[in-house]
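The block underneath contains the structure these notes are about, expressed in structure tokens.
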Amino acid sequence: MNTNNYENTCSNFVQTTSCFDQLTELEEDMVDKNQVSVVYKKGETICKQGSFASHIIFLEEGLVKIYLEGNPRNLILTITSSNHLVGLPSIYEGNNTFLYSVSTYVDSKVRLIDVNVFKQLIRQNANFASKIINILNENTAQAYGRFFCLTRKQLHGRMADILLCLSDRIFKSREFNLPLSRNDLGELTSMSTESVIRIMKEFKDDKLIKVSGKSIEILDHDKMMKISELC
């Protein structure tokens with residue numbers, strides 16, 4: 001099996017600002033009149049699983065996690081950075097609730113767009129609808145990758161996958177400050193906090209990564225890729 005599509009599975013590449021470029025001036029005005037901007041502090045909940053989905057969320061600035069609530073632990077589906085839409089799975093006919101919860105890793109600014117206005121734009125603007133379909137398809141592909149990573153990869157492969165995703169897709173740098181706790185990494189990789197700490201230490205001892213406080217640097221990207229692919 002070719003697993004090249006099952007790496008860097010914690011987030012998506014496709015940004016969604018381009019879908020709004022397809023709107024006419026009248027449609028842009030309609031969106032402006034039916035949205036509000038809200039700033040959330042680190043750790044706050046933007047929407048809760050099972051609550052009414054009265055709006056679509058556009059993340060202008062910040063970093064959030066999208067997760068399924070569980071007992072005793074949550075399952076993080078994806079990490080989402082600036083210029084992404086959140087809540088699209090909630091707009092299918094017959095559903096009116098959020099299918100997951102969203103909370104912030106850092107202070108974040110969002111636009112809350114009225115869901116009925118958003119649906120109207122999909123119905124009347126084919127180019128806008130095409131962009132939304134593309135986003136949904138990319139989200140589906142990412143979800144398949146997450147499922148493969150969590151069910152088929154071993155612990156070291158899962159951790160390598162997440163660190164590479166953070167480096168390549170979220171921060172776009174080999175060195176970055178990690179706003180996630182070890183518990184957050186455990187939720188992302190579906191492993192215990194103790195396992196996260198142990199594997200991070202092994203990666204550090206093997207000189208695959210450098211860890212200094214909140215700062216992480218990927219020292220050997222190629223070897224980390226091999227671990228992600230083979231483990």
The condition from (1) within 30 Å of I91 (Cβ to Cβ); (2) under 15 Å from the mean Cα position of the chain (by Cα); (3) hydrophobic (A, V, I, L, M, F, W, C) that F148 misses is numbered (2)
Scan the range 220-229 and give yes if some residue there is among the charged types (D, E, K, R), surrounded by 14 or more Cβ atoms within 10 Å (Cβ to Cβ) and at pLDDT 95 or above, otherwise no.
yes
Residue that is of a type in the set (G, A, S), under 20 Å from V64 (Cα atoms) and at pLDDT 90 or above, where the choices are S108, S130
S108
The range 179-221, subset without any contact (Cβ under 8 Å) to a residue 24 or more places away in the chain, out of contact with any strand residue (DSSP E or B) (no Cβ under 6 Å at 6 or more places or on another chain) and among the charged types (D, E, K, R), residue nearest to I66 (Cα to Cα):
R182
Looking at the range 24-41, which of its residues are in a helix (DSSP H, G or I), of a type in the set (A, V, I, L, M) and surrounded by fewer than 16 Cβ atoms within 10 Å (Cβ to Cβ)?
L26
Determine the pairs where a residue that is over 16 Å from K109 (Cα atoms), located within the range 49-76, has a partner that is basic (K, R) and loosely packed, with under 13 Cβ neighbours inside 10 Å with Cβ atoms under 6 Å apart, the partner being 6 or more residues away or on another chain.
none
Please identify the pairs in which a residue from the range 96-108 that is closer than 25 Å to R182 by Cα has its Cβ atom under 7 Å from the Cβ atom of a residue that is among the small types (G, A, S), counting only partners at least 6 apart or on another chain.
S103/G43; T104/G43; T104/G62; V106/G62; D107/G62; S108/G62
In the range 45-66, residues that are under 10 Å from the mean Cα position of the chain (by Cα) and either in the same structural domain as D168 (by TED's automatic domain parsing) or closer than 17 Å to L136 by Cα (or both) total 1
For the range 106-121, what are the residues that are in a helix (DSSP H, G or I) and surrounded by 16 or more Cβ atoms within 10 Å (Cβ to Cβ)?
V115, V117, F118, L121
The conditions are (1) in a helix (DSSP H, G or I); (2) outside the structural domain of L88 (by TED's automatic domain parsing); (3) in contact (Cβ under 8 Å) with a residue 24 or more places away in the chain, and Q142 fails exactly one of them. Which is it?
(2)
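The values are calculated or read from the model by the stated rules, or taken from the named source; none is laboratory data. This one's a predicted model, so the numbers in the text were calculated from it and none came from an experiment. Glycine also receives a Cβ, built like all others from the backbone with ideal geometry; neighbour counts cover every protein chain displayed.
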